[in-house]
Amino acid sequence: MKYIHLLSLILLLTISVSAQRLYQLSVELPDTSAHLSFVTKKGNVYVSATEFASLTSAGIYYADKTQKIELKYKLYNIKFTAKSQFIVLTDKNSGKQEIYQLPLSTLFIKNDVFFPLSYTLDYLEKTSGYSIKFIPSRKHLILSKKALSEESLPADMNIYDIQNISIEEKANGSLIRLKISESVITPRISIKDNKLFLFFSSEKINPELTSQFSPKGFIKSIRLINISQNSKQIEFGLSGDYSNAEIIRNPSKGELIITVHNKLFTADNNPTLEKWIFDTIVIDAGHGGKDPGAIGTTGVKEKDINLKIALELGELIEKSMPDVKVVYTRTDDSFIELYRRGKIANEANGKLFISIHCNSMPKGKNTQRGFEVYLLRPGKTQEAIAIAEFENSVIAYEDNPDRYKELTDENFILVSMAHSQYMRYSEKFAEILNDEWKRKVKIPANGVKQAGFYVLVGASMPSVLIETGYISNRRDEEYLKSSKGQKEIAESIFNAIIKYKEYYHKEIISN
């Protein structure tokens, strides 16, 4: 839960420097007393969502760009948006969402969302697991823990941690869904001798999984194995031309999703060797035009840095790799929709797609530094998810942002499955680039990560998104905006491309 503490620190820092006057509501908890920041507007009390989350032991997710804050409890999440009357309740078991309209809009104060307390009590009681009593005249709030009703829990929630199973066959492989309780620790996974193993500890596994199982695609059988009281396995028998498997947690639906992927090259999809020759690179300078991207500490715009690095990189390739064509998604300060960037790459029959960006932290947090290279997979860390959300928020500038509405967490898992045929190549390039960066660039390397970037979805080829550094950090920004820094960054990416091309052609020939 490090990101919760980090967010709380950010909010405390921003509160301390703001001129907005906050007052303190007294709070009575079962074992102690506390205070909760509030403001009044036209006689209505608005309280801090962040502080309420802390008082009620909620997890928290905050999207700085969209000013949305989500409080995460055992059975429900509740989401507030700044300056909006609408709140969203999500049932974590079913994934069902309910949208309610308050009589008053929330407020945005000191990088925090403040909601009208009196009109929100019923929704907070439903989601938080607390009985809540507000005494306006005394500016006093009483919170008491209430027992979760049996009706609010699935019938088998208290019995089994691994509850049911379903198998789906997709164009790029097979997908196993395991319905789980929130307490399940994501298991280790391995494949050996045509068997896929999931290793659990003390979790209780529903013995009915075997009767629920129906073989599909690569997944031919299931076996439950109790090694000891604290060691259990689920074993799947595999057959067919599979390559690898990975496991992803889908918390919004309480699922573990295991994907078993097709091999990249088969007789059907490799008709000629020429089709796979490394002859085209697509360079994508992030943001542009009416979308400036992040703004640095001295006012430098991310879009300008991205473009300069992209053009520098393209020039190096054109001079030293005459057999490789360079395609740019933009060569000037123009706005290109995210979906069009992937379309440009596909129409050019690109063999590698590189999207160049700069990172940034919220105002007041300027110590974070470093380069990261991202692969297209659902984010594993809250930081990665937040970065993807910021990059994806550029769709607000597009004429039809609704085209992305189906890219939910779950669909990103399916999209990443479709990209699985390119993933080992994306991973290899990211690995090489991370090593080259350490040798060449003065910005520290933070490694290879993963997140759900819309811009990578459309490119049907090995793809990475590069966050060259944090322009919210003065040291990174100074280097990123300098000609020397941009040249060294372009050279490190270019050196990685040369090494990757050698690896790629060896792999193609061996396949």
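The values are calculated or read from the model by the stated rules, or taken from the named source; none is laboratory data. Keep in mind that what you see is a predicted model, and the values were worked out from it rather than measured. We place every Cβ from the backbone using ideal geometry, glycine too, and count neighbours over all the protein chains shown.
In a strand (DSSP E or B) and closer than 12 Å to Arg188 by Cα - does that describe any residue in region 199-221?
Checked against the condition, which is being in a strand (DSSP E or B) and closer than 12 Å to Arg188 by Cα, region 199-221 yields at least one hit.
Whether any residue in region 40-57 is farther than 20 Å from Tyr130 by Cβ, modelled with pLDDT of 90 or more, touching a strand residue (DSSP E or B) at 6+ places or on another chain (Cβ under 8 Å) and surrounded by 15 or more Cβ atoms within 10 Å (Cβ to Cβ) is what I want to check.
No, region 40-57 contains no residue that is farther than 20 Å from Tyr130 by Cβ, modelled with pLDDT of 90 or more, touching a strand residue (DSSP E or B) at 6+ places or on another chain (Cβ under 8 Å) and surrounded by 15 or more Cβ atoms within 10 Å (Cβ to Cβ).
Mind checking which residues of region 101-120 are more than 26 Å from the chain's Cα centre (by Cα) and at pLDDT below 90?
Gln101, Leu102, Pro103, Leu104, Ser105, Ser118, Tyr119 - these are the residues of region 101-120 that are more than 26 Å from the chain's Cα centre (by Cα) and at pLDDT below 90.
Kindly indicate the residue of region 74-90 that is out of contact with any helix residue (DSSP H, G or I) (no Cβ under 9 Å at 6 or more places or on another chain) and assigned to a strand (DSSP E or B) and also farthest from Val45 (Cα to Cα) among those meeting that condition.
Val88
Which pairs turn up if I take residues in region 203-219 that are without any contact (Cβ under 8 Å) to a residue 40 or more places away in the chain and look for partners that are of a type in the set (Val, Ile, Thr) with beta carbon separation below 7 Å, at least 6 apart in sequence or on another chain?
Every condition considered, the pairs that remain are Thr210/Ile222.
Please work out which residue is nearest to His261 (Cα to Cα), limiting yourself to region 198-213 and to residues that are surrounded by fewer than 16 Cβ atoms within 10 Å (Cβ to Cβ) and touching a Ser or Thr at 6+ places or on another chain (Cβ under 8 Å).
Here the residue is Phe199.
Any idea how many residues of region 469-486 are modelled with pLDDT of 95 or more and either in a strand (DSSP E or B) or more than 23 Å from Pro292 (Cβ to Cβ) (or both)?
Number of matching residues: 1.
Taking Gln85 as meeting all but one of (1) without any contact (Cβ under 8 Å) to a residue 40 or more places away in the chain; (2) in contact with a Pro (Cβ under 9 Å, 6 or more places away or on another chain); (3) more than 17 Å from Tyr119 (Cβ to Cβ), write down the number of the exception.
(3)
On the basis of being touching a Ser or Thr at 6+ places or on another chain (Cβ under 6 Å), modelled with pLDDT of 95 or more and within 22 Å of Arg369 (Cα to Cα), does Ile493 make the cut?
no
Condition test on Gly240, is it buried (at least 16 other Cβ atoms within 10 Å of the Cβ) and not hydrophobic (A, V, I, L, M, F, W, C)?
no
So for region 329-339 (the condition being small (Gly, Ala, Ser), surrounded by fewer than 16 Cβ atoms within 10 Å (Cβ to Cβ) and at pLDDT below 90), does at least one residue qualify?
no
Here's a check for you: in region 190-202, which residue that is in contact with an Asp or Glu (Cβ under 9 Å, 6 or more places away or on another chain) and more than 10 Å from Glu235 (Cα to Cα) is modelled with the highest pLDDT?
Within region 190-202, the match that is modelled with the highest pLDDT is Phe200.
State whether one or more residues within region 358-367 are under 22 Å from Ala430 (Cα atoms), surrounded by fewer than 22 Cβ atoms within 10 Å (Cβ to Cβ) and touching a helix residue (DSSP H, G or I) at 6+ places or on another chain (Cβ under 8 Å).
no
Considering only region 329-348, how many residues are touching a residue at least 60 places away in the same chain (Cβ under 8 Å) and touching a helix residue (DSSP H, G or I) at 6+ places or on another chain (Cβ under 6 Å)?
2
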